[in-house]
Amino acid sequence: MDFNAPHSMGTTIIGVTYNGGVVLGADSRTSTGVYVANRASDKITQLTDNVYVCRSGSAADSQVVSDYVRYFLHQHTIQLGQPATVKVAANLVRLLSYNNKNFLETGLIVGGWDKYEGGQIYGVPLGGTIVQQPFAIGGSGSSYLYGFFDQAWKGRMTKDE
Amino acid sequence: MASNSDSVSDTQRSLYPYVTGTSVVALKYKNGILMAADMGGSYGSTLRYKSIDRLKPIGKHSLLGASGEISDFQEILRYLDELILYDNMWDDGNSLGPKEVHNYLTRVMYNRRNKFNPLWNALVLGGVKNGQKYLGMVNMIGINFEDNHVATGLGNHLARPILRDEWHENLTFEEGVKLLEKCMRVLLYRDRSAVNKIQISKITEEGATLFSPFSLKTCWEFSAFKNPTVGAEGSW
């Protein structure tokens, strides 16, 4: 048993826009090699009142990126005098991912709502690309979902759908 | 920010690309430059993103197409935003032309290569200024040149031979588009990372125009597919 193997999440994360905003989803398993280190992890992390992020890849890397972004967004909100936009949050995530691409191994999905653009989902995969999408999937478990989403996704769904 | 652990030489090492775009093809035609690229973003062998914009107008006179790592392309766009902003702030009536932008990009790419931390892209820069058409290319190791038609990646092997045969001075817009479509179709057939969602853009003295994405028609009418079981035994 390699307890020194990095805590990787073995994750499936999803972010979807719908006609009222966004819905985020994630599984709750964190694995270290074959052992399940935490079966009740919370991979959806709050950045501000109106922006959340789904984390995948290295647990440590995604946590520290989230912490930095939450810190920067907090200052930004104070200076701006109003809630930060989802785009700003996603770009902060991108900056950290891109500028530290040699060190980080984390794929993130940023989702939230602001009064300018409504609900938005931004994918920030490994490497620090930023791509706005109507829906995003990530994590090692997402491989199984590409076909499903290609077939089943449609825009303007209700929350229940 | 977490980045500057300076002492270790590995901090600024080149790596491998993650999300990549495939070929860009461009040619000079009568009124300017035509450029084409598909909208795919591959993640290794998976075609992960199917709506990535790889052609962007730069300032008033240029068009940039990129293949390779998309995050590096997005960073280059930010550098160019700053370049164009400072150029506009001079407010002197002059504006950076395609030759100047190409030169700037070449310096950026070559300098990063010298630090062993390249921007993992092959860029195509085309434009028109004062009636002069310009089309150039620069890649991650700083190789740069200009020509009447250029391509990146697999486009160099598949599209350029077609262009060498069929390109001539003063192509009309329709002829240019047909030629580009011919090149993109070959790439669609033969490039594993190609996706059938093509964007064409043009730049002329009047400015840049990005056309809506479209799909190419492909031909699969092979006689072997009509009666698949005929000769099946022992065949490949």
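Quick notes on this structure:
- Of the strands (runs of 3 or more DSSP E) lying entirely inside segment A:95-159, those containing at least 1 residues that are within 11 Å of another protein chain (Cβ to nearest Cβ) and surrounded by fewer than 20 Cβ atoms within 10 Å (Cβ to Cβ) are A:131-133.
- Scan of segment B:54-84 for residues that are over 23 Å from B:Lys133 (Cα atoms) and over 14 Å from the mean Cα position of the chain (by Cα), ordered by number: B:Ser71, B:Glu75, B:Arg78, B:Tyr79, B:Glu82
- When the residues of segment B:13-33 are filtered to those that are within 14 Å of chain A (Cβ to nearest Cβ) and part of a strand (DSSP E or B), the one that is surrounded by the most Cβ atoms within 10 Å (Cβ to Cβ) is B:Gly21.
- Any hit, segment B:57-67, residues being buried (at least 18 other Cβ atoms within 10 Å of the Cβ), closer than 30 Å to A:Ile137 by Cβ and of a type outside the set (Gly, Ala, Ser): yes
- B:Leu96 meets all of the listed conditions (1) surrounded by fewer than 20 Cβ atoms within 10 Å (Cβ to Cβ); (2) over 18 Å from the mean Cα position of the chain (by Cα) but one, namely (1).
- For the condition within 15 Å of the chain's Cα centre (by Cα), more than 14 Å from chain A (Cβ to nearest Cβ) and surrounded by 14 or more Cβ atoms within 10 Å (Cβ to Cβ), B:Leu123 qualifies.
For (1) part of a strand (DSSP E or B); (2) among the polar types (S, T, N, Q); (3) within 19 Å of B:Val124 (Cα to Cα); (4) touching a residue at least 12 places away in the same chain (Cβ under 8 Å), each residue gets a yes or a no:
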residue: B:Leu187; (1), (2), (3), (4): no, no, yes, yes
residue: B:Thr218; (1), (2), (3), (4): no, yes, no, yes
residue: B:Glu221; (1), (2), (3), (4): no, no, no, no
residue: B:Ala224; (1), (2), (3), (4): no, no, no, no
residue: B:Pro228; (1), (2), (3), (4): no, no, no, no
residue: B:Gly234; (1), (2), (3), (4): no, no, no, no
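Read-outs throughout are calculated quantities, based only on the coordinates presented, and are distinct from any laboratory measurement. Values in this document were obtained by computation on a predicted structure and should not be read as measured data. Note that each Cβ is placed from the backbone with ideal geometry, even for glycine, and that neighbours are counted across all protein chains shown.
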